[in-house]
Amino acid sequence: MKITEITIRHLKMKLKDPFTTSFGTFEDKEFLLLEAKDEDGTIGWGESVAFHSPWYNEETLKTNWHILEDFLIPLLLNKEISHPDEVNKIFEPIRKNNMAKSTIEGAVWDIYAQQTNQSLASALGGKKDKIEVGISIGIQKSIDELVTIVDGYVKEGYKRIKVKIKPGWDVDVMRTLRQKFPDVAIMADANSAYRLEDAELLKQLDEFNLTMVEQPLASDDIIDHATLQKQMKTPICLDESIHSLEDARKAVELGATKIINIKIGRVGGLTEAKKIHDYCESQGIPVWCGGMLESGIGRAHNVALTTLSNFILPGDTASSSRYWEKDIIEPEVVAEDGYIQVPQTVGIGYKVNVDTVESYTVDKKIYR
Ligand SMILES: [Mg+2]
């Protein structure tokens, strides 16, 4: 294959529920979509999971656009490639900027799956025809509100409830949830809100039989997580700290993590995600697929990746309707009774509605 044309679009999509980060509360999700065209006319789609502000990691949609335009697109355009695994190698001269790299790499995987007449899931080596999914719930105004929200999702059949925690919204919240939902798989995601000095507080979470506590300590740490894991019964799962297979290997060898959250964008694409998956499987470390409030295109890539065998724990990939009034794919991603059926059609398995994409587009540029 040879990519001869790439279109980058900046989309602004209204969220059903406002989304709160350390930079404030947002009504819309802004992100980049990338459309790549092969010389034979096949079109593949990729989504950047970089947010518009650098609260999750250092990348933003603007830094992604800059890295794509000035470095990644010139490296890839008109280059002969025989397999998407080669994209990683082509991008090797560029350090980090994993979300930008993943945006193009995802589109190349989509084209490859279409040209080899298979679904993206099977191109990746996935075998499942349905995947188990969980839901992620942000910090609420009161515990009562949270309980009502959780109750709704448990009734919808979601297989795992993930709740964000932070200092002042942690032990009491988890205690109440465990009392109200004694048999539900519950986990807590701290998004790096604590430090090792908080170990005594974090150890209180052991009481509640949580499936895991995700990224309790600093976003660039693995050493303190290893120290904390030795003191805690609850398995620690790393998210922000893992950017590559090498990071995963070091964290596992140190005992910093018993579970890994794989996000395609954070690790630089599907090829690296698959390598981390395979390594974790060989080490008996279960993985799951984290969410970044993706539109249908990113969601479709997550669904495909989750069909790999070591995605044992339910991920964050909920129904499109959880986030969007109208998604950009047809049909939309639908979770029923906690499962998403994996599409068997070629490529990402969902049709991109280009008119809807255009209606959300606020900026666009074509590269040849
Ligand atoms: Mg997380």
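What follows draws every value from the coordinates through simple rules; no lab data is involved. Source: prediction; values computed, not measured. Backbone-built Cβ (ideal geometry, glycine too); neighbour counts: all protein chains shown.
Each part gets one Cα centre, and for the stretch 278-352 versus the stretch 32-72 those centres are 19 Å apart.
If you take every residue apart from Tyr194 with its C-beta less than 9 Å away from the C-beta of Tyr194, what net charge results, scoring Lys and Arg +1 and Asp and Glu -1? Before the final figure, lay out the partial values.
Values: positive: Lys166, Arg195; negative: Asp170, Glu197, Asp198.
After counting each charged neighbour, the total is -1.
The ellipsoid equivalent to the alpha-carbon distribution of the stretch 1-50 has semi-axes of 31, 9, 7 angstrom, derived from the gyration tensor eigenvalues as √(5λ) and listed largest first.
What relative contact order, as a whole-number percentage, does the stretch 122-341 give when Cα pairs under 8 Å and 6 or more residues apart are counted?
Numbers: 412 pairs, mean separation 50.9, N = 220.
Normalised by residue count, the contact order of the stretch 122-341 is 23 percent.
Near the amide H of Phe26, within less than 5 Å, lie the amide hydrogens of Phe19, Thr20, Thr21, all on another chain or at least 5 residues away, with H placed in the peptide plane. Per-residue 3J(HN,Hα) values for the stretch 328-338, derived from phi via the Karplus relation 6.51 cos²θ - 1.76 cosθ + 1.60 with θ = phi - 60°, read 9, 10, 9, x, 6, 6, 10, 9, 10, 6, x Hz in sequence order (x marks Gly and Pro). Sparse packing (at most 12 other Cβ atoms within 10 Å of the Cβ) combined with a DSSP loop state is found for the following trypsin sites (Lys or Arg not before Pro) in the stretch 33-126: Arg95.
Only bridges with both residues in the stretch 122-341 count here: give the DSSP antiparallel percent, nearest 5. Each step should come with its number before you reach the end.
Details: 6 of 24 bridges.
Antiparallel bridges make up about 25 percent of those DSSP assigns within the stretch 122-341.
Structure remark: mean-square fluctuation, Gaussian network model of the chain, C-alpha springs under 10 Å; the largest value among Leu15, Leu254, Leu124 belongs to Leu254.
Treat the count of other C-beta atoms within 10 Å as a stand-in for reagent exposure and order Phe208, Phe51 from fewest to most.
Values: Phe208 18, Phe51 22.
Going from sparsest to densest Cβ surroundings: Phe208, Phe51.
Shown here is the pair-distance distribution of the stretch 27-134: with all Cα-Cα distances grouped in 5 Å bins from zero up to the longest one, the shares run 2, 11, 21, 21, 18, 15, 9, 3, 0 percent. When exposed loop sites are taken as GluC sites (Glu not before Pro) in a DSSP loop with at most 14 other Cβ atoms within 10 Å, the longest stretch of the chain clear of them is 59-324. Compared with the dominant Cα axis of the chain, that is its longest principal axis, helix 171-180 is turned about 90°.
Beta bridges from DSSP with both residues in the stretch 20-176: antiparallel share about 75 percent, rounded to the nearest 5.
Using Cα atoms only, what is the angle between the long axis of helix 270-283 and the major principal axis of the chain, expressed in degrees (0 to 90) to the nearest 10? Helix 270-283 sits at roughly 40 degrees to that axis. Helix 245-254 against the longest principal axis of the chain: what's the angle in degrees, Cα atoms only, rounded to the nearest 10? Tilt of helix 245-254: around 20 degrees.
In the P(r) worked out for the stretch 181-277, what percent of Cα pairs fall beyond 22 Å?
Percentage above 22 Å: 26.
Over all pairs of different C-alpha atoms in the chain, the reciprocal of the mean inverse distance, the Kirkwood hydrodynamic radius, equals 20.7 Å.
Residues considered: Thr234, Thr63, Thr356. Largest GNM mean-square fluctuation over the chain, using C-alpha springs under 10 Å, is found at Thr356. So what's the net charge close to Val333: Lys and Arg +1, Asp and Glu -1, counting the other residues with Cβ under 10 Å from its Cβ? Here the charged neighbours net out to -1.
When DSSP assigns beta bridges and you keep just the ones with both residues in the chain, what percent turn out antiparallel, to the nearest 5? Looking only at bridges with both residues in the chain, the antiparallel portion is about 65 percent.
Look at the alpha carbon pairs under 8 Å that are at least 6 residues apart: their mean separation over the length of the stretch 29-108 gives a relative contact order of 38 percent.
The mean sequence separation of alpha-carbon pairs under 8 Å and at least six residues apart, normalised by the residue count of the chain, gives a relative contact order of 22 percent. Pairwise Cα separations in the stretch 122-341 fall into 10 Å bins from 0 onward with the following percentages, short to long: 8, 35, 37, 18, 2.
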